[in-house]
Every structure is written in C-alpha cells, then in structure tokens.
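The structure appears below as structure tokens.
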Amino acid sequence: MARELLELYWTFVQIGFVTFGGGYAMLPILERELVDKRHWTTMDDLRDYFSIGQCTPGIIALNVSTFIGEKRSGIKGALLATLGFLTGPILIILAIAAFLTNFAQLEVIQHAFAGIRVCVCVLIVQAVLRLWKKSVVDPFTLGLYLAIFALHAFSGLLPFRVPAAVLVICAGVAGVAVSRLHNRHTGKAGDK
C-alpha cells in the first residue's frame, strides 16, 4: 500500500512539473501517463473526470488528480495525488517569484514566455479536438453543442446572460432526458 501511495505521489509530482496551460493543455499528458502508460483509468473515465473537474471549483488537472488518487487508493490516495500535483507548481512559482521580478524585462525572458504561450495553445487545441471527437458523436450531441455554443458565445447580444453553470446543468439534464427517451423507445431499462 505504501509503495502504491508513493508511486501515486511521484507520478503526480512529475505531471505537476509540466502543468503549463492548465487543464485542457494537460489532457494529452494525463492520457499518456494515466491511460496509456500506467492503465490507472480509461479514456472515457478521464473525459468524465475532466467534465466534472471543469464544473467543480479549482484547477481541472488538480481535480482530475484528486479523482484518480481516490479511485486508486481512497482518501489517502486522493490527498497524496493532490499534494503530488501541487508540489511542482508551488516550487516553480516560488522560483519564478524569487527571480522573475529581476529578469522579467529581459527580451530573452519575454520571448521564452511567447514561445510557451504558443505551445500551450497547441496543447489546448489538441485536447479540444480529442474531446470533440469522443463527445460530439451523433445529431443530438452536435445539436446540444451548437445550442450551448451559441448561448455562451453570443450571450453579450442577448437581453440576459446565461451563466456557464446553468449551461452545464442544462446540458446534463438534456443528456439524461434523451438517454431515458432512447431507453424507453428501445425497451431498455435505464438508470432509475
């Protein structure tokens, strides 16, 4: 048990050190480490964790580490995975805080950050494309995507603003409703 907890901690320390760009940029790294390499979860579960992590307070990738840790080793696993994930960013932030104020105006530092921003954009686009491919799978999910996108993207033009939390809840309710209708029409006993 102690070895598994240590492995959990160390894995998330390594992941935490490369947490540039936040949750969606982290999806390919988490997929490689947790699904492909360690087989600690499936891609479907990882997408579910991302969805829940997006809807709960905090950093998406941090929330995912907590979910994976709990799945692997209960509360102790959740705590150690979370602490492991936080170790790298805390050390990096302390180092940046100590040195960056003295060097932030240097052209080489500004160019380095510009390059990092480009890389983060690529990682986010890659994650979005992967999520799209696995999530928008039929006419219903495409319609739901388009409706939510329109409500969110054009909310400034509407006489009211729809909060993102309301959109998430409505999408969940729509998914459950369509699933129940589908099960009723096919004769399957859905979740009750």
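Coordinate-derived values only; no laboratory data. Note that this is a predicted model, so its numbers are computed, not measured. Virtual Cβ from ideal backbone geometry, glycine too; neighbours counted across all protein chains shown.
When each of the peptides 56-69, 140-153 is scored by how many other beta carbons lie within 10 Å of its residues on average, the order from highest to lowest is 56-69, 140-153.
Applying 1/(1 + (r/R0)^6) with R0 = 41 Å to the Cβ-Cβ distance of ALA153 and LYS76, what FRET efficiency is obtained, to the nearest 0.05? Between ALA153 and LYS76 the formula returns 0.45.
Report the FRET efficiency, 1/(1 + (r/R0)^6), for THR42 and LEU100, where r is their Cβ-Cβ distance and R0 is 45 Å, rounded to 0.05. Don't jump to the answer; show the numbers that get you there.
Numbers: r = 39 Å, r/R0 = 0.87.
Given R0 = 45 Å and the Cβ-Cβ separation, E is 0.70.
Using a Gaussian network model of the chain whose springs link C-alpha atoms within less than 10 Å, name the residue from GLY74, GLY88, GLY115 with the highest mean-square fluctuation. The residue with the greatest mean-square fluctuation here is GLY115. Taking a straight Cα-Cα cut-off under 18 Å and skipping sequence neighbours fewer than 8 places away in the same chain, the aspartates and glutamates within cross-link reach of LYS71 are GLU4, GLU7, GLU31, GLU33, ASP36, ASP44, ASP45, ASP48. When the helices of the chain are scored as -39500 (n - 2.57) per DSSP H run of n ≥ 4 and the total is divided over every residue, the value at 222 nm lands at -26500 deg cm²/dmol.
Relative to the dominant Cα principal axis of the chain, helix 43-55 is inclined by about 80°.
Residue-wise HN-Hα couplings along the stretch 140-151, as the Karplus relation 6.51 cos²θ - 1.76 cosθ + 1.60 with θ = phi - 60° gives them from phi, are 5, 5, 5, x, 5, 4, 4, 5, 5, 4, 4, 4 Hz; Gly and Pro carry x. May I ask you to derive the FRET efficiency for VAL125 and ALA165 from their Cβ-Cβ distance with R0 = 22 Å, giving the value to the nearest 0.05? Result of the calculation: an efficiency of 0.30. Taking the Cα atoms only, what angle lies between the long axis of helix 2-16 and the longest principal axis of the chain, rounded to 10 degrees? The angle comes out at about 80 degrees.
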